[in-house]
Amino acid sequence: MLNESSLVEERVSEIVRRVGSISDLAPDEDYYDAGLTSLGSLNLLLELEDAFGVSISDEKFIACRNVRALTTTIEDLKR
């Protein structure tokens, strides 16, 4: 059974892959290197905020370049 952190990471990964049209992405892989565009990143930010009910500052979002970092940021914001 997956713990809550794993479930968040799984959901973040699904959103990143869908929004970025990225078929395969490791949790520590840079999603910009994998093909996410600047327009895609704006859509990603909006989708993540909506999916998790959080507000991610531009500064925090820009600092995250992979699923694992986004997951940590979202979990910190939900505490």
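Key figures for this structure:
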item	result
Filter pass, SER5 being small (Gly, Ala, Ser) and in contact with a Pro (Cβ under 8 Å, 6 or more places away or on another chain)	no
Test: SER6 is closer than 15 Å to ILE74 by Cβ, out of contact with any Leu (no Cβ under 8 Å at 6 or more places or on another chain) and either free of Cβ contacts under 8 Å to residues at least 40 places away in the same chain or assigned to a helix (DSSP H, G or I) (or both)	yes
Residue pairs meeting the criteria (Cβ under 6 Å; at least 6 apart or on separate chains; first loosely packed, with under 14 Cβ neighbours inside 10 Å, in the range 41-63; second of a type in the set (Lys, Arg))	none
Members of the range 21-36 found to be surrounded by 13 or more Cβ atoms within 10 Å (Cβ to Cβ) and without any contact (Cβ under 8 Å) to a residue 24 or more places away in the chain, listed by number	ILE22, ALA34, LEU36
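All of the numbers you see were taken from the coordinates with simple rules; none came from a lab. All values derive from a computational prediction rather than experimental measurement. When we count neighbours, we look across all protein chains shown, and the Cβ atoms used for this are built from the backbone with ideal geometry, even at glycine.
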